[in-house]
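The values are calculated or read from the model by the stated rules, or taken from the named source; none is laboratory data. Since the model is a prediction, treat every value here as computed from it, not as a measurement. Here the Cβ positions follow ideal geometry from the backbone for every residue, glycine too, while neighbour counts run over all protein chains shown. For the accessible areas, the whole protein counts, side chains as well, though only heavy atoms, and no ligand, DNA or RNA atoms are used. Shrake-Rupley method; radii C 1.70, N 1.55, O 1.52, S 1.80 Å.
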There are 2 protein chains.
Amino acid sequence: MIFIIGLGPGREDEMTPRALEALERSDVIVGYKAYIDLLVSSFGHKKLIPSAMKQEVERCRQAAELALAGNNVALVSGGDAGVYGMAGPMLEVLDTLEAQDYHDKKLEVEIIPGITSACSAAAVLGAPLTHDFAVVSLSDLLTPWKLIEKRLTLAAEADFVICLYNPASRNRKDYLKKACEAVMTARNGSTPSGWVRNAGRNGQTHKILPLSELKDEELDMFCTVIIGNSGTRMLGGRMVTPRGYKVQGSTQ
Amino acid sequence: MIFIIGLGPGREDEMTPRALEALERSDVIVGYKAYIDLLVSSFGHKKLIPSAMKQEVERCRQAAELALAGNNVALVSGGDAGVYGMAGPMLEVLDTLEAQDYHDKKLEVEIIPGITSACSAAAVLGAPLTHDFAVVSLSDLLTPWKLIEKRLTLAAEADFVICLYNPASRNRKDYLKKACEAVMTARNGSTPSGWVRNAGRNGQTHKILPLSELKDEELDMFCTVIIGNSGTRMLGGRMVTPRGYKVQGSTQ
């Protein structure tokens with residue numbers, strides 16, 4: 001049995017009871033080191049197997065092998081298990097194993113969702129996701145930058161609120177700037193935007209600022225960015241994207 | 001104090017401890033009737049105020065008045081509090097009250113995220129959200145259909161995985177069909193797609209089928225739809241959108 005589990009933003013009180021119960025039922029917990037660290041205090045009695053970044057496929061293979069050897073295995077992702085998470089590569093790896101007749105019995109797989117960064121970051125910034133939105137990762141490890149840029153340009157043209165995952169890393173210092181420029185081809189520089197670092201975790205910080213200034217922020221892979229649409233405005237210090245309700249006396 | 005709370009898909013074991021604690025700290029719980037119903041068994045000792053659909057602004061006003069009268073108030077949404085949820089209209093209503101000098105002291109507001117339908121539906125269908133995606137509501141109560149259609153067309157052109165909220169209701173029987181046609185302007189009819197009814201709740205059902213057949217499905221407002229991108233494929237009966245990892249021996 002393999003549980004593919006989304007741990008949510010990181011605070012233990014934002015992991016769901018369903019996720020916690022699956023962890024409790026597991027013999028082994030496999031995941032990226034930073035997520036395994038979150039589990040040491042409550043699940044230190046389990047076999048914990050942390051692995052490095054960029055070892056996603058190896059991690060899935062290991063999880064599959066442990067499960068085939070008879071263990072209940074939890075494979076954990078931060079945020080949701082599906083949104084750029086481990087559910088995808090795990091199902092791909094299992095498909096490979098099945099194609100190779102690697103095992104007689106199908107492993108049972110259960111995917112357990114968690115709160116994704118778009119939602120945890122939005123809650124910190126206000127209510128920017130009350131209307132249609134697009135989620136784009138700025139990591140070009142696996143996606144050509146040209147495609148990322150095309151998606152950003154079209155998302156801007158469609159007036160989607162835009163949420164950026166992985167907005168920067170050591171080797172991609174200018175990507176946020178390039179992304180903002182792509183969005184500004186069809187969106188005003190005064191558009192309320194914001195970032196949250198460590199949303200829903202220890203050390204949470206955030207900042208709200210116009211899109212034109214966002215491009216010069218120094219962010220890292222622990223940040224999530226939200227860029228408003230043409231209707232997003234600042235209300236009481238928070239970003240709000242109106243859905244279109246008639247709120248009497250409001251400035252909408 | 002006002003807590004704006006996302007309850008997640010509906011199962012009690014997918015509500016976060018943070019959400020449950022805020023409900024416990026509240027004197028009054030306000031929300032759409034179907035969500036209040038979910039809380040009766042555990043929070044029947046609280047004052048529960050259910051309201052009808054389309055009464056969002058009235059509901060927010062009532063929550064604000066109860067809070068101004070000295071109550072701790074929980075305003076609940078299904079899924080996440082922000083994704084088409086009550087956080088937006090609540091912040092708009094509070095802004096109106098502040099503009100009117102309605103009260104001396106600012107109310108404290110805490111927004112508590114929950115698992116949104118995109119994630120709970122994706123977990124049922126497989127791993128369709130492992131790459132960039134767009135979330136679009138097909139409800140045209142507050143958004144002109146022309147804008148919805150434009151967003152769908154551009155999202156298809158950008159090769160986003162597309163998640164549809166509110167895909168149909170009694171008065172919008174042909175909207176799903178029109179939406180699929182907009183997406184098919186730039187996406188193959190064979191693209192794996194799926195819907196989930198009551199994702200993560202009692203009565204959950206789902207179906208995976210090609211985009212060309214999705215348009216004729218009879219759905220309702222309890223359904224969430226996910227349309228794959230050009231890379232999405234069927235693996236072991238599930239929808240998977242590869243992120244681009246090299247999975248040796250795979251058919252990718």
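Here are some notes:
- Quotient of Cα Rg and 2.2 N^0.38 Å for the protein assembly as shown, N being how many residues it contains: 0.92
- Mean residue ellipticity, 222 nm, helices only, chain B: the sum of -39500 (n - 2.57) across DSSP H runs of n ≥ 4, divided by residue count and rounded to 500, is -9500 deg cm²/dmol.
- In nm, spacing of pseudo-spin labels at B:GLU65 and B:VAL40 (7 Å Cα→C-beta vector): 2.5
- Separation between Cα centres of the stretch B:189-247 and the stretch B:62-134, rounded to whole Å: 27
- Here A:LYS207 is the anchor, and the aspartates and glutamates within straight C-alpha reach of less than 13 Å, apart from those fewer than 8 places off in the same chain, are A:ASP216, A:GLU217, A:GLU218.
- Exposure check, 1.4 Å probe, all protein chains in place: A:SER41 carries approximately 100 Å² of accessible surface.
- Reachable aspartates and glutamates from B:LYS33, criterion Cα separation under 13 angstrom, eight or more residues apart if same chain: B:GLU56
- Comparing A:GLY85, A:GLY31, A:GLY70 in a Gaussian network model of chain A, where Cα atoms under 10 Å apart are tied by springs, the biggest mean-square fluctuation is seen for A:GLY70.
- Residues B:ALA52 and B:THR185, FRET efficiency given R0 of 35 Å [Cβ-Cβ distance, rounded to 0.05]: 0.40
- Cα-centred dipole magnitude for the protein assembly as shown, charges only on beta-carbon of K, R (+1) and D, E (-1), debye, nearest 20: 520
- FRET E, pair A:HIS206, A:LYS106, Förster distance 45 Å, beta-carbon r, rounded to 0.05: 0.55
- Across chain A, Cα pairs under 8 Å and at least six residues apart give a relative contact order of 19 percent.
- Filter on B:LYS146/B:LYS178; A:LYS46/B:LYS246; B:LYS173/B:LYS215; A:LYS146/A:LYS178 - keep pairs with C-alpha separation over 19 Å: A:LYS46/B:LYS246
- Label geometry 7 Å along the beta-carbon vector: A:THR205 inter-copy distances in nm: 5.2
- Residue order for B:ASP216, B:ASP159 - accessible surface, 1.4 angstrom probe, largest first: B:ASP216, B:ASP159
- Label spacing, shortest first and in nm, from B:GLU21 to its equivalents in the remaining copies (7 angstrom along Cα→Cβ): 2.1
- Protein-only accessible surface order, largest first, of B:MET90, A:MET53, B:MET184 at 1.4 Å: A:MET53, B:MET184, B:MET90
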